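Here the structure comes first, spelled out in structure tokens, and everything after it is commentary.
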Amino acid sequence: MKIATAKQIGNIDRRAIREFGIPGPVLMENAASAIVFEMERFFEGLDGVKVGIICGKGNNGGDGLALARRLRIRGVPVRVCLLASFAALKGEAKLNLGILRKMDVEIVPNASPKVIAEMIAWSDVLVDAMLGVGLSSPLKGNYAIAAELMNMAGRPVVAVDIPTGVNADTGEVMGVAVRADLTVTMVLPKRGLVLYPGSAFAGQVRVADIGIPAEVVEKEKIHVGLLEHGLAWGLTGERDRDSHKGDFGHLMIIAGSLGKAGAAVMAAQGALRTGAGLVSVAAPMGIIPIIQQQVMEAMCIPAGESIDGTLGMGSENELLKASGGMTACAIGPGLTTHYETVQVVRSLVQRMSIPMVIDADGVNALAGSADMLKKAKAPVVMTPHPGELARLLGVSTDDVQKDRIGMASGVAAKYGVTLVLKGAGTVIATSHGEVFINTTGNPGMASGGTGDVLTGMIGSLLAQGYGPTEASCLAVYLHGLAGDLAADEKGEAGMIAGDVIGKIPDAMKQTMETTDEHG
């Protein structure tokens, strides 16, 4: 499913009205009908429920006014607080106000905080129809007060299109935002509903069909989509009965240092569980015995080390030679940013001729020298967390988090890589402009080593012949799903990376299955 910006949704609405001749009031009526339907589903009926609706003066408020009429026709008691004068409404909103004023519905214009509080106290369910997707500055005045009163009310909240106060493009909370239990969004999900922190304010998100033809949406050429079961399922495949290990690639993992052998171990286990035929771990020779004891299914390549137990100068030549027998490489987990190691990584990135995934200290080694990526001889996937991407670009972590899609897309396009920006709602950006936002995963995965597991998984799929986009999308989805399965069993707080590794086979099995739930 595609994910839209505020501008794209505006273009779609205008195209539907001007080019396809669908009247604006019809779209608003369809929106109101869809919201009633979703409220009925969410609350398992509305009998005996009193609904309070807070409306702004724009089209979002117009949707709220149309909703009030439909609820009243349905027999639901409704009250409306309007955060503007009657005269301030225009277009479809004015039309719906005129109809509603002729009905037995209380509508208070220019509602004061006292009036809003009284309506909230009367209501069983609240509807936020204050502002839509066009918000670009922090809430102020009665809008901010109304949002705070709704949040303190202890009543379930339904948001129309997007919770007021959430930036539709970035998910940023603009000072204060409504915390919804259900968001009914029109046509397509907005970016702010799937990016954090906005996602945390949206509750359950239901996408409403308001009668806009697919051709209208397709003309917008939206390149950002949700990474969900259907897409992941399409990337999986059954193995031939006469397969052998040579059919599924040979991954070399360059990882680990004195005190950080575990990073190499977890990357290797993640790779093996994701189906690589062969895995070889190249690491400083001093930690090879530890790795070999922990991952018996993997082979090891002892590499020259520095005096501090990291990859040492000169080891790149032996690693390059070893890579000749491999189909992909994963580089970075636990390497450290020791001076000698950084030089080895930089050399390998420019000289290695097999697809590679670069993570953790592999990314850190390129800080200040990202242009080296342009010299890579094979496809590159990078998997930084926000701090690592910030160091690579010389910006702050806050800068990255405020525009995760923009930052990831910019790096992918500039350096010709596939960029996997980890975090809640992991963003995968391709070098040709596509972006995917992951739908799996949970806070329990915020634990040391889970990123190393993902590195091994992406490397495994690259080794098996998947392209960088396909490998990244499938690995990220499976990684998050494995985390979700682990959380279901153990709870989020006590999860460790090993729990995620243990659930990778179950995640793969579940993803390959088609069910009634997933279609």
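Across segment 324-347, the number of residues qualifying as assigned to a helix (DSSP H, G or I), touching a strand residue (DSSP E or B) at 6+ places or on another chain (Cβ under 8 Å) and open to solvent by 10 Å² or more (accessible area, probe 1.4 Å) comes to 1. If you go through segment 167-193 and keep only what is under 15 Å from the mean Cα position of the chain (by Cα) and polar (S, T, N, Q), you end up with just THR170.
Can you confirm whether LEU366 is within 22 Å of VAL417 (Cβ to Cβ) and touching a strand residue (DSSP E or B) at 6+ places or on another chain (Cβ under 8 Å)? The answer is yes for LEU366. Close contacts from segment 123-145, counting a first residue that is within 14 Å of VAL157 (Cβ to Cβ) and a second that is assigned to a helix (DSSP H, G or I) and among the acidic types (Asp, Glu), with Cβ to Cβ under 6 Å and a gap of 6+ residues or different chains, come to ALA129/ASP63. Which count do you get for residues in segment 469-499 that are within 16 Å of GLY451 (Cα to Cα), in a helix (DSSP H, G or I) and β-branched (Val, Ile, Thr)? Looking only at that region, the number is 1. Would you please list the contacts, defined by Cβ atoms under 7 Å and residues six or more apart or on different chains, that run from a residue in segment 170-181 that is closer than 22 Å to LYS7 by Cβ and open to solvent by less than 20 Å² (accessible area, probe 1.4 Å) to a residue that is aromatic (Phe, Trp, Tyr) and modelled with pLDDT of 95 or more? Pairs that qualify, where the first residue is closer than 22 Å to LYS7 by Cβ and open to solvent by less than 20 Å² (accessible area, probe 1.4 Å) and the partner is aromatic (Phe, Trp, Tyr) and modelled with pLDDT of 95 or more, are ALA177/PHE201. Scoring ILE17 on the criteria (1) in contact with a Leu (Cβ under 9 Å, 6 or more places away or on another chain); (2) touching a residue at least 12 places away in the same chain (Cβ under 8 Å) leaves a single failure, condition (2). The single condition from (1) within 36 Å of the chain's Cα centre (by Cα); (2) closer than 27 Å to PHE201 by Cα; (3) not polar (S, T, N, Q) that VAL115 fails is (1). Go through THR430, THR455 for me and flag whichever is crowded, with 16+ Cβ neighbours inside 10 Å and out of contact with any Asp or Glu (no Cβ under 9 Å at 6 or more places or on another chain). Going through THR430, THR455 in turn, the sole match is THR430. Scanning segment 25-55 for residues that are closer than 13 Å to GLU92 by Cα and either small (Gly, Ala, Ser) or in contact with a strand residue (DSSP E or B) (Cβ under 9 Å, 6 or more places away or on another chain) (or both) yields LEU27, ASN30, ALA31, ALA32. Going by what's in this entry, would ALA202 be described as open to solvent by less than 40 Å² (accessible area, probe 1.4 Å) and either under 16 Å from the mean Cα position of the chain (by Cα) or on the phi > 0 side of the Ramachandran plot (or both)? Yes.
Screening TYR196 on (1) in a loop (DSSP other than H, G, I, E, B); (2) touching a residue at least 24 places away in the same chain (Cβ under 8 Å); (3) more than 16 Å from the chain's Cα centre (by Cα); (4) surrounded by fewer than 24 Cβ atoms within 10 Å (Cβ to Cβ) shows it passes everything except condition (3). Quick one: in segment 230-246, of everything that is over 22 Å from VAL381 (Cβ atoms) and in contact (Cβ under 8 Å) with a residue 24 or more places away in the chain, which residue is nearest to the chain's Cα centre (by Cα)? Per the stated criteria, the residue is GLY230.
The set of residues in segment 271-286 being surrounded by 20 or more Cβ atoms within 10 Å (Cβ to Cβ) and in contact with a Ser or Thr (Cβ under 7 Å, 6 or more places away or on another chain) consists of ALA271, THR274, ALA276, PRO284.
Only one of the numbered conditions (1) touching a strand residue (DSSP E or B) at 6+ places or on another chain (Cβ under 8 Å); (2) open to solvent by less than 40 Å² (accessible area, probe 1.4 Å); (3) of a type outside the set (D, E, K, R) is not met by ILE212, and that is (1). Scanning segment 127-140 for residues that are at pLDDT below 95 and either among the small types (Gly, Ala, Ser) or part of a helix (DSSP H, G or I) (or both) yields GLY132, GLY134, SER136, SER137.
Okay, residues lined up against (1) over 24 Å from PRO355 (Cβ atoms); (2) without any contact (Cβ under 8 Å) to a residue 12 or more places away in the chain; (3) of a type in the set (A, V, I, L, M, F, W, C):
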{"residue": "TYR415", "(1), (2), (3)": "no, no, no"}
{"residue": "LEU419", "(1), (2), (3)": "no, no, yes"}
{"residue": "ILE428", "(1), (2), (3)": "no, no, yes"}
{"residue": "GLY448", "(1), (2), (3)": "yes, no, no"}
{"residue": "GLY467", "(1), (2), (3)": "no, no, no"}
{"residue": "ALA486", "(1), (2), (3)": "yes, no, yes"}
{"residue": "LYS503", "(1), (2), (3)": "yes, no, no"}
{"residue": "ASP506", "(1), (2), (3)": "yes, no, no"}
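The values are calculated or read from the model by the stated rules, or taken from the named source; none is laboratory data. Given the structure is predicted, the values throughout are model-derived calculations rather than measurements. Every residue, glycine among them, receives a Cβ derived from its backbone with ideal geometry; neighbour counts consider all protein chains shown. The protein model used for the area step is the full one, side chains on, heavy atoms only, and it has no ligands, DNA or RNA in it. Shrake-Rupley method; radii C 1.70, N 1.55, O 1.52, S 1.80 Å.
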